[in-house]
Amino acid sequence: MTLMVCAYRLANGEWIDLDIPCPSGGEPTLAGFEATRFNFYGSDKAKRLGLTILPQLARGNICAEGTDELYALRAEVQILFDSLDPSDDYWPFRLGNILMTIETANKYGNAGRVTID
């Protein structure tokens with residue numbers, strides 16, 4: 001299975017799925033293989049970096065809603081992105097997808113939501 005990242009906005013009491021642009025091509029919802037819940041997002045390295053939101057993927061799905069939660073999630077994704085080995089050719093695209101999704105949802109302020117599941 002694959003981890004998917006999706007953005008939503010609240011309108012008239014319903015969460016509406018948002019289209020995510022992917023300028024580099026490829027599928028903008030990809031966030032990693034199912035196993036990466038444990039060996040990347042929930043890894044000891046992620047915890048040593050001080051992450052608290054992304055490691056929750058090892059226990060279940062993540063939902064960040066509203067400006068504050070989206071900002072906190074973005075900060076953690078950026079920390080992971082900055083910690084990548086320069087030769088890594090797998091994670092930049094996937095972490096970029098998450099960042100792009102957060103950016104899309106954040107346009108709706110407190111009516112924006114991002115899920116990783």
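Some notes on this structure:
- Selection status of ILE79, farther than 15 Å from ASN39 by Cα, surrounded by fewer than 18 Cβ atoms within 10 Å (Cβ to Cβ) and among the aliphatic types (A, V, I, L, M): yes
- For region 102-117, residues that are over 9 Å from the mean Cα position of the chain (by Cα) and crowded, with 20+ Cβ neighbours inside 10 Å total 4.
- Within this structure, GLU34 fails the test of being surrounded by fewer than 14 Cβ atoms within 10 Å (Cβ to Cβ), at pLDDT below 95 and under 15 Å from VAL5 (Cβ atoms).
- Test result for THR115, under 16 Å from CYS22 (Cβ atoms) and modelled with pLDDT of 95 or more: no
- Which listed residue is touching a strand residue (DSSP E or B) at 6+ places or on another chain (Cβ under 7 Å), over 13 Å from LEU95 (Cα atoms) and not in a loop (DSSP other than H, G, I, E, B), from ILE20, ILE16: ILE16
A quick yes/no check of all residues on (1) closer than 25 Å to LEU10 by Cβ; (2) surrounded by fewer than 16 Cβ atoms within 10 Å (Cβ to Cβ):
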site	(1), (2)
ASP44	no, yes
LYS47	no, yes
LEU51	no, no
ASN61	yes, yes
LEU70	yes, no
LEU73	yes, no
TRP91	no, no
MET100	yes, no
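The values are calculated or read from the model by the stated rules, or taken from the named source; none is laboratory data. These numbers come from a predicted model, not from an experiment. Virtual Cβ from ideal backbone geometry, glycine too; neighbours counted across all protein chains shown.
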